[in-house]
Each structure stands twice: as structure tokens, then as C-alpha cells.
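None of the figures in this text is laboratory data; all of them are computed from the coordinates on show. Values in this document were obtained by computation on a predicted structure and should not be read as measured data. Ideal geometry is used to build each Cβ from the backbone, glycine not excepted, and the neighbour counts take in all protein chains shown.
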Amino acid sequence: MHRAYLPLIDPSALVLKVTDPDEVHHIRDVLRLKPGAELEVVDGKGALVRASVGEADRSSLTLKVLGRTSFTPGVMEVCLACAVPKRAKFETILEKATELGVDAIIPMITDRTEVRPRAEGSYAARWERVIVSAGKQSKRLFFPKLYPVMSFPDVLACPASGEGQVLIPWLEGERVPLKKAVDGISGEKVLVLIGPEGDFTPEEAASAIAKGAIPVSLGEAVLRVDTAALAVLSVLKMTG
């Protein structure tokens with residue numbers, strides 16, 4: 001069944017109104033759903049509504065609620081803090097991380113990060129659209145929270161790094177194989193730190209390890225940012 005997205009779903013409403021231009025266009029012009037056609041509506045926070053298409057005009061349409069279900073998130077909560085690569089690559093990371101069920105994503109600036117988007121940049125709206133599109137396509141009920149761009153020190157200081165386990169793939173020093181590190185996770189929260197193409201600096205890695213992060217190895221090959229991020233998330237998904 002086709003899916004639509006509404007960020008706010010009134011749990012008691014019998015009729016939902018869709019006014020977001022992208023969603024109106026998707027339902028009316030892309031899916032070409034006619035009045036009476038059924039679809040699912042999600043809010044990315046666990047609500048799932050079965051509805052039928054109602055009245056429509058040029059800028060909005062209504063959906064008649066036929067049934068609703070509420071879900072709770074899984075046990076393991078995974079946050080991905082990833083150094084920002086070139087735009088197309090980061091959008092791929094957002095898309096695939098959403099499909100793999102990550103709970104939060106932090107765009108991160110490190111010493112060797114080449115792409116440095118401003119915190120107030122227009123990229124944020126586009127990145128949110130990528131997440132929503134991937135969430136609908138992959139039939140996920142929970143979409144990841146997208147944090148503002150943070151520096152590496154700010155990521156280490158945020159609550160996500162102080163709760164649960166922190167994994168930092170690194171190319172130097174003593175490291176634990178990823179599978180062994182993941183098998184040893186006993187908490188419910190995991191923060192994954194993915195560095196830029198030139199890797200974390202020794203100082204950055206040392207500061208993370210000093211705060212309890214586990215340096216991990218992803219094998220002998222040197223992986224690009226997007227490959228490294230998805231490799232770690234895939235192993236966590238298989239484990240969690």
C-alpha cells in the first residue's frame with residue numbers, strides 16, 4: 001500500500017488534512033490516487049494510519065481515517081555522527097541510514113572535513129526531504145532525527161556521547177574488530193563516529209577514546225565515508 005507522510009497526526013482526528021506541497025503532489029500527481037483510494041499515513045514517530053483519499057483542491061487534500069495503530073521503537077537506539085562528505089554522498093548516507101533504521105543523524109565537522117555547511121544553510125530542508133522519502137520507501141515507522149551540524153568536540157560533549165557505547169572506526173593504533181565490539185555492547189544506546197576521507201586526526205581519536213569510545217577496525221581495506229558508515233550500521237542492524 002502507498003504511504004504518505006504527515007509530521008503531526010492528531011490521534012483523535014477522523015479527517016486529516018494534507019497541505020505540504022510535496023505530499024499533495026506525491027499523492028495526487030505521482031501516485032495518482034483518486035477519491036476513495038486507500039493509503040497509509042505515517043508521522044515518522046510510530047503512528048500508522050490507514051486512510052482513504054477525500055476531497056482535494058489545488059493546494060490541499062483530505063484523508064478520511066479508517067484505522068490507526070501506534071508502535072514503540074526497538075530496544076537499541078543508534079545515533080550516527082558522520083563527517084560531511086560531498087553533497088551527493090551525504091544524501092546517500094542519509095537515505096541508506098534511514099533504510100537501515102538509524103535513530104538519529106548528526107552531520108559532523110572535523111579537522112579534515114572538506115565540506116563545511118553552515119548551520120543555518122538551506123541544506124537542512126533538503127536533507128529532511130531525503131530522510132522522509134527514504135522512510136516512506138522503506139516502510140519505516142520511525143524516521144531518524146536530524147541534528148544541526150556540529151563540530152567534533154560538540155558531538156563528544158552532547159548527551160548522545162555520554163549515554164551508552166561509542167564506536168569510532170579508525171585507521172591507526174590499537175583497534176577492536178567491529179564485530180567483536182558490537183557483540184560486546186550491553187547498553188541500549190550506541191553512538192557511531194565516522195570520520196572524513198582523511199580519517200580522524202590522532203588528537204581527535206585520542207579525545208574520543210579518553211571519553212570511553214572504542215576504536216574499531218573495519219578490516220584491511222580503506223573505506224570511503226559512505227561505505228564505512230553503512231558497514232557499521234549494517235552490522236548493528238544484524239545484531240540489534
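Taking loop as defined by DSSP and a crowding limit of 13 other beta carbons within 10 Å, which trypsin sites (Lys or Arg not before Pro) in segment 156-240 fit?
Lys211, Arg224
Rounded to two decimal places and with Rh computed the Kirkwood way over Cα pairs, what is Rg over Rh for the chain?
Reported Rg/Rh (Cα atoms, Kirkwood Rh): 1.04.
In segment 14-56, which trypsin sites (Lys or Arg not before Pro) are in a loop and have at most 14 other Cβ atoms within 10 Å, using DSSP for the loop call?
Arg32
Where in segment 144-186 are there GluC sites (Glu not before Pro) that are in a DSSP coil and have at most 13 other Cβ atoms within 10 angstrom of their Cβ?
Answer in residue order: Glu172, Glu174.
Of Asp29, Asp199, Asp111, which is the most mobile in a GNM of the chain whose springs link Cα atoms less than 10 angstrom apart?
Asp29
Under the rule of -39500 (n - 2.57) per DSSP H run of 4 or more residues, summed and divided by the residues of the chain, what mean residue ellipticity at 222 nm is obtained, to the nearest 500 deg cm²/dmol?
-8500 deg cm²/dmol
Reachable lysines from Lys237, Cα under 20 Å, same-chain residues fewer than 8 places away excluded?
Lys45, Lys96, Lys136, Lys139, Lys145, Lys179, Lys180, Lys189
Pick from Glu91, Glu128, Glu55: which is most flexible by mean-square fluctuation in a GNM of the chain where alpha carbon atoms under 10 Å apart are linked?
Largest GNM mean-square fluctuation: Glu55.
Would you kindly derive the ³J(HN,Hα) couplings of segment 222-230 from the backbone phi angles with the Karplus curve 6.51 cos²θ - 1.76 cosθ + 1.60 (θ = phi - 60°), listing them in order in whole Hz, with x for Gly and Pro?
With the stated coefficients, segment 222-230 comes to 8, 8, 6, 4, 5, 5, 4, 4, 6 Hz.
Using the Karplus curve 6.51 cos²θ - 1.76 cosθ + 1.60 with θ = phi - 60°, what ³J(HN,Hα) values do you get for each residue of segment 123-137, in whole Hz, with x for Gly and Pro?
Going residue by residue, I get 4, 4, 5, 5, 4, 4, 5, 4, 5, 4, 4, 5, x, 5, 5 Hz, with x marking Gly and Pro.
Measure out, as a whole number of angstrom, how far apart the alpha-carbon centroids of segment 162-181 and segment 99-119 sit.
Each part reduced to its Cα centre gives a spacing of 18 Å.
For segment 3-70, what does the equivalent ellipsoid look like in terms of its semi-axes, each the square root of 5 times an eigenvalue of the Cα gyration tensor, given largest first in whole Å?
18, 12, 11
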